[in-house]
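Read the structure below first, then the notes.
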Amino acid sequence: MNIVEQLKPLFHPRTIAVVGASGNFMKWGCIIPKNILNGGFQGKLFLVNKKEKEIFGSPVYPDLKSVPDDIDLALIVTPASVVKNVMQECGEKKVKAAIVITAGFSETKEGATLEREVAAMAGKYGIRFVGPNTMGIFSASESLCAMMPPVPPKKGNVSFVAQSGNLGTQLLSLGLNRGVGFAKFVSSGNEADLRCEDYIEYFGRDDDTKVVLAYIEGLDDGRKFLEVSRRLTKRKPFIIFKGGRTKAGGKAARSHCGALAGERKIYEGAFKQAGIVQAVAGDEMLDLAKAFSHLPLPRGKRVGILTWGGGWGVVSADACEEAGLEVVALPDSLIKEIDEILPSYWSRGNPIDLVGTLDREAHRKCLELLVTCDEVDCVLALGMLAGPSTFMNLLRAAPGITPDALNSFVDQIHQSNRQIRELVLALIEKTHKPVIGVNILPEDDADNDAMARQLVMFPTPERAVHVLAKLCEYAEYLRDSERSDV
Amino acid sequence: MMQTKTLSEFEAKKLLSTHGIPVVQEILAKNLNEAKTAVTVLGFPVVLKACSPEILHKTEKKLVEVNLYTLDSVCMAFENIQKRVDGGLEGVLIQRQIADDMRECIAGLVRDEAFGPCVMFGSGGIYTEAVRDVTFRVAPLTKLDAFNLIHDTQIVNLLKGVRGQNPVNIPSLADILIKLGNLGMEDTNIFEIDTNPIMFLDGEPVCVDALVVLGR
């Protein structure tokens, strides 16, 4: 059985049994089944506990044997000392996969032996399991929210494996605000059986997954990990956030090489080699996930910048140069065309400065010209994709404005917002070039419509440029690998 | 605790040379006569270095004499080095001196716990650890990996040729890095390798000094 078949009962279970279910709100045995039910799990959930007869109106079975159905996935929340026995029961019940939430295993020396025994028992029956010491999993297609946090993540096409449960689940909920949706998530725990490279390989072959994320602290088999990653990055973007102290190479190194070989430098080099996009913060990982899952890759590094205000243009151009992107010189023909649209004191170059014009049609025309220009591979649109909701608030407060006039004005604003957003999406579709926006005001998304959420926008030019640079870097890696494969 | 053994500079360079890595032309002289003969083979100028697996950081200990253009200066240098070493001297290395064009690189190999043999490249010379302009890639290296490794440093800007200097042969340099990686993959007895500095003779890279640590 390949990894896709092996993990099918984990991420696409029809039936789940929670072993160690509880009616006590403070216990995982209660929190997890409640979250599964609240999350709208499509399959059947069975509660198992020797000591309970009923929990919140649902029947509780004394053991797995007595559950009147086949069980695809077992969620184990019993104390560590009995997990091995539970795993045996799983084997006898022909359970296919398990998630061992319970902690207290190889985090301690005594626990390590226990963990090996659990793994051996699972191995005997061919059960693949997550953990132990995991915070659970999420699977969008089954609406399966088998995790600690009470709020299900947004659904989408990003799959994420985290070696830290709390960092992982926190990013899932941060993703809610950022418009980053997840297909699958797993907190890999102690990795006594399934390791991060197994999940990564699985995500690579999962049709629901378009972008892969990982939070990694340590790798047992770095070479295998790189092998799996290399295969993955040929087809899907892979973003990693590496945590863990920078181990100094010092020791008693006799060579310069030994002294300089810090863990961080080696991981950085290895990731670059495998085409992995490296983020240095959780936030950044989400920014990148949003961009990589929504935008086409640029065919080169030539950036066209369209800005409502001059200062942002300057800052963006600086950031682009520092990031190794080219703020390309505009062809004369394009300059002439824009001369017809903007006041004569526009910047007449790249960045295209809209010089604060409020003529939304001019914005749209310039945007279209820039995105469709052959010398431009990617575009930054600063300050014109989101409507100025602040102006609207000011107007509402102004004396002498009739409600009708105000409403009609507000409608106009919403209308032109929609138009420009439609245009961006249409241009991206037509040209296959990425367009990244920067909002005028950080929370300025007065419309908050579905279209706005499809756009990739950031509150600052620096963040937008950083993300664009990573898109370019990955695109270049793909081109380089294709060339050298020949 | 791992048992390690460090090869002498001479043995280290021989090892690299047998694997196709270009090293500086040199002869190990055990006495003054051998030193004189060596000079007739190598020509001037030469560098003299104390050679022994026990000696690291020779510069600080004044066990390197450079800019030797005459037989007399070679003889004096030879005797000085012998005097300054307390014993355990394998011999004195007589090396063809390569003109210093201010571009010194370092290349090496380490065994990482997670990734196994990894190749390092960057800015070399005595300030290597102070400047820290080095990058790593996991062996075995493809040509593209080696190219990227070189270009992932600051020193590559000097190698491309600035301020009137000629560019160096970067593919030759890449080849050294690939070979170091292969050496690490093939010979599991090798624990660490340093080649520092790598200098350039008519644009071609040459390993002027090398350190090899054996151990498992």
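The values are calculated or read from the model by the stated rules, or taken from the named source; none is laboratory data. Here the structure is a predicted model, which means the values were calculated and not measured. Glycine gets a Cβ as well: all are built from the backbone with ideal geometry, and neighbour counts include every protein chain shown. Ligands, DNA and RNA are excluded from the accessible area calculation, which covers all protein heavy atoms including side chains. Shrake-Rupley method; radii C 1.70, N 1.55, O 1.52, S 1.80 Å.
Scan segment A:156-173 residue by residue and report those that are in a strand (DSSP E or B) and buried (at least 23 other Cβ atoms within 10 Å of the Cβ).
Keep residues of segment A:156-173 that are in a strand (DSSP E or B), which gives A:156-162.
Residues satisfying the conditions are A:VAL158, A:SER159, A:PHE160, A:VAL161, A:ALA162.
Run down B:ALA114, B:ALA107 and say which single residue is among the small types (Gly, Ala, Ser) and more than 14 Å from the chain's Cα centre (by Cα). Steps first, answer last, please.
Values: B:ALA107 fails: more than 14 Å from the chain's Cα centre (by Cα).
Matching residue, one of B:ALA114, B:ALA107: B:ALA114.
Could you check segment A:174-199 and list, in sequence order, the residues that are small (Gly, Ala, Ser) and either in a loop (DSSP other than H, G, I, E, B) or at pLDDT 95 or above (or both)?
Selection gives A:GLY179, A:GLY181, A:ALA183, A:SER187, A:SER188, A:GLY189, A:ALA192.
For the condition polar (S, T, N, Q) and closer than 30 Å to A:GLY437 by Cα, what is the one hit in A:ASN190, A:ASN133, A:ASN157?
Details: A:ASN190 fails: closer than 30 Å to A:GLY437 by Cα; A:ASN133 fails: closer than 30 Å to A:GLY437 by Cα.
The unique qualifying residue is A:ASN157.
Looking for something more than 25 Å from A:LYS154 (Cβ to Cβ) and open to solvent by 20 Å² or more (accessible area, probe 1.4 Å) - is there at least one such residue anywhere in segment A:35-43?
The answer is no; no qualifying residue exists.
A quick yes/no check of all residues on (1) open to solvent by 30 Å² or more (accessible area, probe 1.4 Å); (2) part of a helix (DSSP H, G or I); (3) in contact with a helix residue (DSSP H, G or I) (Cβ under 9 Å, 6 or more places away or on another chain):
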{"residue": "A:GLY300", "(1), (2), (3)": "no, no, yes"}
{"residue": "A:ALA319", "(1), (2), (3)": "no, yes, yes"}
{"residue": "A:ARG364", "(1), (2), (3)": "yes, yes, yes"}
{"residue": "A:LEU367", "(1), (2), (3)": "no, yes, yes"}
{"residue": "A:VAL371", "(1), (2), (3)": "no, yes, yes"}
{"residue": "A:VAL376", "(1), (2), (3)": "no, no, yes"}
{"residue": "A:LEU380", "(1), (2), (3)": "no, no, yes"}
{"residue": "A:ARG396", "(1), (2), (3)": "yes, yes, yes"}
{"residue": "A:PRO399", "(1), (2), (3)": "yes, no, no"}
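Would you kindly identify the strands (runs of 3 or more DSSP E) lying entirely within segment A:29-121 that contain at least 3 residues that are more than 16 Å from A:ARG14 (Cα to Cα)?
A:58-61
Out of A:SER344, A:SER416, A:SER408, report the one residue that is assigned to a loop (DSSP other than H, G, I, E, B), over 30 Å from A:ARG299 (Cβ atoms) and at pLDDT below 95.
Exactly one of A:SER344, A:SER416, A:SER408 is assigned to a loop (DSSP other than H, G, I, E, B), over 30 Å from A:ARG299 (Cβ atoms) and at pLDDT below 95, namely A:SER344.
Looking at the structure I just gave you, is A:LYS336 more than 30 Å from A:LYS154 (Cβ to Cβ), of a type outside the set (Gly, Ala, Ser), open to solvent by 10 Å² or more (accessible area, probe 1.4 Å) and over 27 Å from the mean Cα position of the chain (by Cα)?
yes
Being out of contact with any helix residue (DSSP H, G or I) (no Cβ under 7 Å at 6 or more places or on another chain) and more than 22 Å from A:ARG483 (Cα to Cα) is true for just one of B:ASP133, B:ASP175. Which residue is that?
Working: B:ASP175 fails: more than 22 Å from A:ARG483 (Cα to Cα).
From the options B:ASP133, B:ASP175, the qualifying one is B:ASP133.
Could you tell me how many of the residues in segment A:321-333 are open to solvent by 30 Å² or more (accessible area, probe 1.4 Å) and in contact (Cβ under 8 Å) with a residue 60 or more places away in the chain?
Counting residues in segment A:321-333 that are open to solvent by 30 Å² or more (accessible area, probe 1.4 Å) and in contact (Cβ under 8 Å) with a residue 60 or more places away in the chain gives 2.
So, A:GLY258, is that one open to solvent by less than 30 Å² (accessible area, probe 1.4 Å), part of a helix (DSSP H, G or I) and of a type outside the set (Val, Ile, Thr) or not?
yes
Name the residues in segment B:139-157 that are open to solvent by 10 Å² or more (accessible area, probe 1.4 Å) and at the interface with chain A (Cβ under 10 Å from one of its Cβ atoms), would you?
Within segment B:139-157, B:LEU141, B:THR142, B:LYS143, B:LEU144, B:ASP145, B:PHE147, B:ASN148, B:ASP152 meet the criteria.
Just checking, how many residues over segment A:261-272 are touching a helix residue (DSSP H, G or I) at 6+ places or on another chain (Cβ under 9 Å) and open to solvent by 10 Å² or more (accessible area, probe 1.4 Å)?
Residues flagged as touching a helix residue (DSSP H, G or I) at 6+ places or on another chain (Cβ under 9 Å) and open to solvent by 10 Å² or more (accessible area, probe 1.4 Å) within segment A:261-272 amount to 2.
Say we look at segment A:50-108 and pick out the residues that are open to solvent by 10 Å² or more (accessible area, probe 1.4 Å) and acidic (Asp, Glu); which of these is nearest to A:MET148 (Cα to Cα)?
Ranking the qualifying residues of segment A:50-108, first place goes to A:GLU107.
Determine, yes or no, whether B:GLU26 is at pLDDT below 90 and of a type outside the set (Gly, Ala, Ser).
No, not satisfied.
Name the pairs whose Cβ atoms lie under 9 Å apart, with the first residue in segment A:206-234 and away from chain B (no Cβ under 14 Å) and part of a loop (DSSP other than H, G, I, E, B), the second aliphatic (A, V, I, L, M) and surrounded by 22 or more Cβ atoms within 10 Å (Cβ to Cβ), and 6 or more positions between them or separate chains?
A:ASP206/A:LEU7; A:ASP206/A:ALA183; A:ASP208/A:ALA140; A:ASP208/A:ALA183; A:THR209/A:VAL158; A:THR209/A:ALA183; A:LYS210/A:VAL158; A:LYS210/A:ALA183
Out of (1) within 14 Å of chain A (Cβ to nearest Cβ); (2) open to solvent by 50 Å² or more (accessible area, probe 1.4 Å); (3) touching a residue at least 60 places away in the same chain (Cβ under 8 Å), what's the single condition that is false for B:ALA210?
(2)
Go through segment A:460-486 and count every residue that is polar (S, T, N, Q) and under 15 Å from A:VAL327 (Cβ atoms).
Here the count works out to 0.
Every residue, every condition in (1) under 22 Å from B:PHE191 (Cα atoms); (2) more than 10 Å from chain A (Cβ to nearest Cβ); (3) out of contact with any strand residue (DSSP E or B) (no Cβ under 7 Å at 6 or more places or on another chain), yes or no:
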{"site": "B:LEU89", "(1), (2), (3)": "no, yes, no"}
{"site": "B:MET102", "(1), (2), (3)": "no, yes, yes"}
{"site": "B:ASP112", "(1), (2), (3)": "yes, no, no"}
{"site": "B:PRO117", "(1), (2), (3)": "yes, no, no"}
{"site": "B:MET120", "(1), (2), (3)": "yes, no, no"}
{"site": "B:TYR127", "(1), (2), (3)": "no, yes, yes"}
{"site": "B:VAL134", "(1), (2), (3)": "yes, no, no"}
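Looking only at residues that are open to solvent by 20 Å² or more (accessible area, probe 1.4 Å), touching a residue at least 40 places away in the same chain (Cβ under 8 Å) and β-branched (Val, Ile, Thr) in segment B:1-44, which one is farthest from the other protein chains (Cβ to nearest Cβ)?
B:ILE27
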